[in-house]
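This report refers to the structure that appears directly beneath it.
The values are calculated or read from the model by the stated rules, or taken from the named source; none is laboratory data. Everything quoted here is computed from the prediction, not taken from an experiment. Quick reminder, even Gly has a Cβ in these numbers, built from the backbone with ideal geometry, and neighbours come from all protein chains shown. These accessible areas exclude ligands, DNA and RNA; they are computed on the full protein's heavy atoms, side chains included. Shrake-Rupley method; radii C 1.70, N 1.55, O 1.52, S 1.80 Å.
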Amino acid sequence: MEKTLPPLTPGTLYLVATPIGNLEDITLRAIRVLRECDVVAAEDTRRTGQLLKHFEISKPLLSYFQFNEAKRSEEILERLKRGEKVALVTDAGTPGISDPGERVVRAAVGAGLRVESVPGACALVAALTASGLPTDEFHFIGFLPHKSGQRRKALEALKTFAGTLALYESPYRIEKLLGELGEVFPDRTIVLARELTKKFEEFLRGTPAELLALVAKRALKGEFVVLVSGKAVAESDAADEGESSAGGVVCN
Ligand code: SAM
């Protein structure tokens with residue numbers, strides 16, 4: 001464990017993870033980097049402004065989001081070359097994971113500039129590790145495409161993957177996704193990790209059909225990570241005759 005805290009390194013891009021719901025999930029290092037950097041590049045300056053205010057940090061903000069990534073990447077690179085310390089944050093979680101950030105990181109690495117990760121909350125990791133599904137091998141898909149044909153194709157392509165599958169999905173498409181999972185993976189265990197780190201956090205476990213039946217009775221709101229047990233788990237479950245569960249959704 002480091003005892004003395006060195007100052008931030010000039011000309012470094014700091015990727016700072018922020019909470020995904022629970023403000024206690026910010027790290028001490030994240031707070032220090034946000035306090036000591038020259039500028040914070042944010043996906044949504046209003047939202048990040050609120051976060052900074054909560055931690056009593058006042059810092060110039062630079063808007064950095066999907067549609068101005070190219071232009072802003074150049075500007076961030078110029079700042080780094082001048083020796084500035086730039087912190088990049090997104091609305092929640094780890095920058096670059098289904099969030100803007102990848103482009104500027106690639107550009108900075110390509111230009112020989114220093115990039116440092118300031119790790120913290122990430123919905124994928126929080127969901128996977130508490131899901132009860134294997135964590136040794138997993139495939140992160142992020143958001144599926146919007147078009148039905150492309151979604152189906154993407155899921156079909158993962159049918160033979162042995163590890164756990166992890167997806168992000170908007171609450172408006174959860175029912176649609178469960179229907180699609182029912183067609184492609186009818187016998188797999190699905191884990192819906194809902195509202196992670198927040199007051200109404202819960203894990204719902206069942207087959208796609210069982211979860212669809214639940215959604216029909218109870219509107220599920222909030223944010224979701226969806227996990228699908230891998231082919232290997234599905235096969236060993238099927239082989240475990242006599243140990244089959246009574247069926248139905250399991251929540252905690
Ligand atoms: N970069 C973020 C991370 O590190 O997890 C993910 C950003 S992505 C734009 C937002 C998606 O992440 C949401 O649609 C949802 O699928 C998932 N997510 C974020 N926060 C969550 C939470 N508290 N509970 C469940 N899922 C969450």
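Of everything in the range 93-111, what is modelled with pLDDT of 95 or more, open to solvent by 40 Å² or more (accessible area, probe 1.4 Å) and assigned to a helix (DSSP H, G or I)? Give them in sequence order.
ARG106, VAL109, GLY110
Within the range 162-181, restricting attention to residues that are under 18 Å from the mean Cα position of the chain (by Cα) and among the aliphatic types (A, V, I, L, M), which residue is farthest from the ligand (Cβ to nearest atom)?
LEU165
Which is under 14 Å from LEU227 (Cβ atoms), out of contact with any Asp or Glu (no Cβ under 8 Å at 6 or more places or on another chain) and in contact (Cβ under 8 Å) with a residue 12 or more places away in the chain, of LEU124, LEU155?
LEU124
If you check LEU34, LEU23, LEU13, which single one turns out to be open to solvent by 30 Å² or more (accessible area, probe 1.4 Å) and under 24 Å from LEU124 (Cβ atoms)?
Exactly one residue qualifies, and that residue is LEU23.
Exactly one of these conditions fails for TYR64: (1) aromatic (Phe, Trp, Tyr); (2) touching a Lys or Arg at 6+ places or on another chain (Cβ under 9 Å); (3) open to solvent by 50 Å² or more (accessible area, probe 1.4 Å). Give me its number.
Looking at each condition in turn, TYR64 falls short on (3).
Would you confirm whether any residue within the range 70-87 is in a helix (DSSP H, G or I), among the acidic types (Asp, Glu), surrounded by 13 or more Cβ atoms within 10 Å (Cβ to Cβ) and within 14 Å of the ligand (Cβ to nearest atom)?
no
Is it true that VAL191 is under 17 Å from PHE143 (Cβ atoms) and either open to solvent by less than 70 Å² (accessible area, probe 1.4 Å) or modelled with pLDDT under 95 (or both)?
No.
Looking at this structure, is GLY163 among the small types (Gly, Ala, Ser) and either touching a strand residue (DSSP E or B) at 6+ places or on another chain (Cβ under 8 Å) or assigned by TED's automatic domain parsing to the domain that holds ASN22 (or both)?
Taking the combined requirement at face value, the residue satisfies it.
Is the range 60-69 home to any residue that is farther than 29 Å from LEU5 by Cα, at pLDDT below 95 and in contact with an Asp or Glu (Cβ under 7 Å, 6 or more places away or on another chain)?
Yes - at least one qualifying residue is present in the range 60-69.
Restrict the check to the range 106-121 and report whether at least one residue is within 12 Å of the chain's Cα centre (by Cα), closer than 18 Å to ILE190 by Cα and within 16 Å of the ligand (Cβ to nearest atom).
Scanning the range 106-121 turns up no residue that is within 12 Å of the chain's Cα centre (by Cα), closer than 18 Å to ILE190 by Cα and within 16 Å of the ligand (Cβ to nearest atom).
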